[in-house]
Amino acid sequence: MPQPTPHPRAIADLPGPRGLPLLGNALQLKPATIHLAMERWSREYGAMFRARIGASEVVVLSDSAAIMTLLRDRPDGFRRPAITAEVSAELGGSVGLFLAEGDVWRDQRRMVMHAFSPTAIRAYFDRMVQVAQRLEARWLAAGDRDIDLNADLKRYAVDVIAGLAFGADVNTLESGGDSIQEHVETVLAGVARRSLLPFAYWRWCRLPADRRLERSVRAVREATDGFIAAARAAMATEPALREHPANLLQAMLAAAEQPGSGVDDDAVAGNVSTMLLAGEDTTSSALAWLIWLLWQNPPALERAQAEVRQHARELTVENIAALDYLDACALEAMRLKPPAPFLPLQAMRDTTVLGVHLPKDTLLWCVMRHDSVGDKAFPDPLRFDPERWLAGTVDKGVALPFGAGPRMCPGRYLSLMELKVAMAVLLGRFDIAGVRARDRSEPAEVMGFVMGPTPMAMRLRPRAE
Ligand code: HEM
């Protein structure tokens, strides 16, 4: 006889931290460490609990199998929370791939995936090497002085993405001062902060931080318009670029000209800023953590150095692709220090998750670093052990640094290549003399748009060839 389906529980039945009237748990959460609080509560309250930030109730989920099911059920079952798109629209942002939903997302995704394919990234490889060589020159010029590691890695990431996606040589590595990278930084931090605040105070009163944010939004917009104008001019001079675009921006402009493409000028502008924003902090944070973890684990550092020095004396696509141990180091670093430790979602329809009924519009936070640092899937889970990725026994559904399902990060191939090229320069051309946090014994995790380390200083000794 079929068993009666158990009646699903309601959100109100879920456990969770006690909060205050009106504010909920807002005072227990600081934006910079919100991921740590969610991870701590996941350990305390289990795979699914509820919390409240101001008026918004949030269901927090840390079971990797359930998370995978939700991530795969997009764009129809779940979306990114509407609040992030609202905050961005309020700042005058156009919708790019990260914030697009439904059919608009489908049209944009097709276009972007094409431009980020392994073949397209390979075609850009020499430009990436050129940017990495500027990084090398900058580090050589530092002599035995401290290198501002976080800032230099951000410059590297911005220069790579601007070159790849827009064919623009922004060269923040060699220019000082008010660079686009600093404005991107301010916008990322500002949007992340506003998306998490319990009240939209800036609609009534703007603080200096809000004025700074608006200035940076204008600066990013101007840079975006400049990239678009340059790409249009190149395409006017060389019409063949419509058929064979040289970069993502030209591909988008060509697509926007096609009737029925679903892509218009606004979407092009939205994706230019999306790529700048999505491509900077993510890759630079992953790199910074990787360097720190290698410095903390001398045997792994030695092995990575030996691999680079043996196989990648010359920076070619083939040599970089052969750096398997470095690949494993990158995956292990992102397992322990994921740039995106949680992914917020919103239900598009009534649904049931782990036996709990979630009405349409429920906000869900997927805690990505829970099972990935549990001992069920990873023995001795807190140890930095790149070897585990080489054995081929890792369950790839548990550590998901790039998300999963149809909205999985389209920049994953680019960023892994970018990481390895920068590491090949660092480990091949220098010996590391020291890496330290600037103002504490070891770097702390700070959540902005992504989770990165507090500022770090690095000292290098050039290797005599
Ligand atoms: C180590 C580097 C990176 C990490 C860890 C990372 C991580 C992520 C994650 C977790 C997501 C959400 C996936 C999901 O919802 O399932 C995402 C989405 C996205 N990423 Fe990345 N990312 C990285 C680099 C990049 C780069 C270099 C670019 C491009 C320039 C990029 C562009 C995007 C875009 C456009 C989306 C939205 C995709 C969509 O909604 O369809 N990312 N990334």
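The values are calculated or read from the model by the stated rules, or taken from the named source; none is laboratory data. Predicted model only: the values in this text are computed from it and were never measured. Please note: Cβ atoms are built from the backbone with ideal geometry, for glycine as well, and neighbour counts cover all protein chains shown.
Residue selection: Pro17 fails the criterion of being within 13 Å of the ligand (Cβ to nearest atom) and either in contact with a helix residue (DSSP H, G or I) (Cβ under 9 Å, 6 or more places away or on another chain) or at pLDDT 90 or above (or both).
Scan region 171-190 for residues that are in a loop (DSSP other than H, G, I, E, B) and within 14 Å of the ligand (Cβ to nearest atom) and jot them down. If the condition is that a residue be in a loop (DSSP other than H, G, I, E, B) and within 14 Å of the ligand (Cβ to nearest atom), then no residue fits.
Yes or no, residue by residue, for (1) closer than 18 Å to Glu280 by Cβ; (2) among the acidic types (Asp, Glu); (3) in contact with a His (Cβ under 6 Å, 6 or more places away or on another chain):
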| residue | (1), (2), (3) |
| --- | --- |
| Ala424 | no, no, no |
| Arg436 | no, no, no |
| Asp439 | no, yes, no |
| Pro453 | yes, no, no |
| Met456 | yes, no, no |
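Consider region 235-245 and keep the residues that are aliphatic (A, V, I, L, M) and surrounded by 17 or more Cβ atoms within 10 Å (Cβ to Cβ). The one that is modelled with the lowest pLDDT is Leu241. Report yes if Glu136 is of a type in the set (D, E, K, R) and either more than 26 Å from Met451 (Cα to Cα) or without any contact (Cβ under 8 Å) to a residue 40 or more places away in the chain (or both), otherwise no. No. Ala219 falls short on exactly one of the conditions (1) free of Cβ contacts under 8 Å to residues at least 24 places away in the same chain; (2) in a helix (DSSP H, G or I), and that condition is (1). In this entry, Leu294 is excluded by the filter for residues that are in contact with a helix residue (DSSP H, G or I) (Cβ under 8 Å, 6 or more places away or on another chain), closer than 24 Å to Leu196 by Cα and in contact (Cβ under 8 Å) with a residue 24 or more places away in the chain. Within region 223-247, residues that are closer than 16 Å to Ala162 by Cα have Cβ atoms under 7 Å from residues that are hydroxyl-bearing (Ser, Thr, Tyr) and assigned to a helix (DSSP H, G or I) in these pairs: Thr224/Ser273, counting only partners at least 6 apart in sequence or on another chain. Residues that are among the hydrophobic types (A, V, I, L, M, F, W, C) and in contact with a helix residue (DSSP H, G or I) (Cβ under 7 Å, 6 or more places away or on another chain) within region 337-357 comprise Phe342, Leu345, Val353, Leu354, Val356, listed in sequence order. Within region 69-81, being near the ligand (Cβ under 10 Å from one of its atoms), surrounded by fewer than 20 Cβ atoms within 10 Å (Cβ to Cβ) and in a helix (DSSP H, G or I) holds for one residue alone: Arg72. Within this structure, Phe98 fails the test of being among the hydrophobic types (A, V, I, L, M, F, W, C) and touching a Pro at 6+ places or on another chain (Cβ under 7 Å). Cβ-Cβ under 9 Å, sequence separation 6+ or interchain: first residue in region 17-32 and of a type in the set (Lys, Arg), partner buried (at least 18 other Cβ atoms within 10 Å of the Cβ). Which pairs? The qualifying pairs are Arg18/Asn25; Lys30/Met447.
Kindly indicate the residue of region 33-56 that is assigned to a loop (DSSP other than H, G, I, E, B) and aliphatic (A, V, I, L, M) and also nearest to Arg18 (Cα to Cα) among those meeting that condition. Steps first, please.
Filtering region 33-56 down to residues assigned to a loop (DSSP other than H, G, I, E, B) leaves 46-47, 54-55.
Adding the requirement that they be aliphatic (A, V, I, L, M) leaves 47, 55.
Details: Ala47: 17, Ala55: 14 Å.
Looking at residues that are assigned to a loop (DSSP other than H, G, I, E, B) and aliphatic (A, V, I, L, M), I get Ala55.
Of all residue pairs spaced 6 or more apart or on separate chains, those with beta-carbon atoms under 8 Å, a first member in region 264-281 that is within 14 Å of Cys409 (Cβ to Cβ) and a second member that is among the small types (Gly, Ala, Ser) and more than 12 Å from the ligand (Cβ to nearest atom) are Asp281/Gly448. Residues in region 365-398 that are more than 16 Å from the ligand (Cβ to nearest atom) and either among the polar types (S, T, N, Q) or on the phi > 0 side of the Ramachandran plot (or both): 3 in all. Any residue that is under 23 Å from Ala132 (Cα atoms), of a type outside the set (Asp, Glu) and exposed (fewer than 15 other Cβ atoms within 10 Å of the Cβ) - is there at least one of those in region 291-307? Yes, because at least one residue in region 291-307 is under 23 Å from Ala132 (Cα atoms), of a type outside the set (Asp, Glu) and exposed (fewer than 15 other Cβ atoms within 10 Å of the Cβ). For region 86-108, the set of residues classified as surrounded by fewer than 20 Cβ atoms within 10 Å (Cβ to Cβ) and closer than 21 Å to Asp73 by Cα consists of Glu101, Gly102, Asp103, Val104, Arg106, Asp107, listed by residue number.
Filtering region 413-465 to residues that are of a type in the set (A, V, I, L, M, F, W, C), in contact with a Gly (Cβ under 8 Å, 6 or more places away or on another chain) and within 16 Å of the ligand (Cβ to nearest atom) leaves Leu414, Val446.
Are any residues in region 57-68 out of contact with any helix residue (DSSP H, G or I) (no Cβ under 7 Å at 6 or more places or on another chain) and part of a helix (DSSP H, G or I), and if so, which ones? The answer is Ala65, Ala66, Ile67, Met68.
Sort out which residues of region 426-465 are among the β-branched types (Val, Ile, Thr) and under 29 Å from Ala189 (Cα atoms), and write them in order of number.
Step one: of region 426-465, the residues among the β-branched types (Val, Ile, Thr) are 432, 435, 446, 450, 454.
Result: Val435, Val446, Val450, Thr454.
For region 381-393, filtered to residues that are part of a loop (DSSP other than H, G, I, E, B) and in contact (Cβ under 8 Å) with a residue 24 or more places away in the chain, the residue that is farthest from Leu294 (Cα to Cα) is Leu382. Listed by position, the helices (runs of 4 or more DSSP H) enclosed by region 259-364 that each have at least 3 residues that are among the charged types (D, E, K, R) and either over 20 Å from Val421 (Cα atoms) or away from the ligand (no atom under 16 Å from the Cβ) (or both) are 298-311.
Of all the criteria given as (1) in contact with a Lys or Arg (Cβ under 7 Å, 6 or more places away or on another chain); (2) surrounded by fewer than 18 Cβ atoms within 10 Å (Cβ to Cβ), the one not satisfied by Ala254 is (2).
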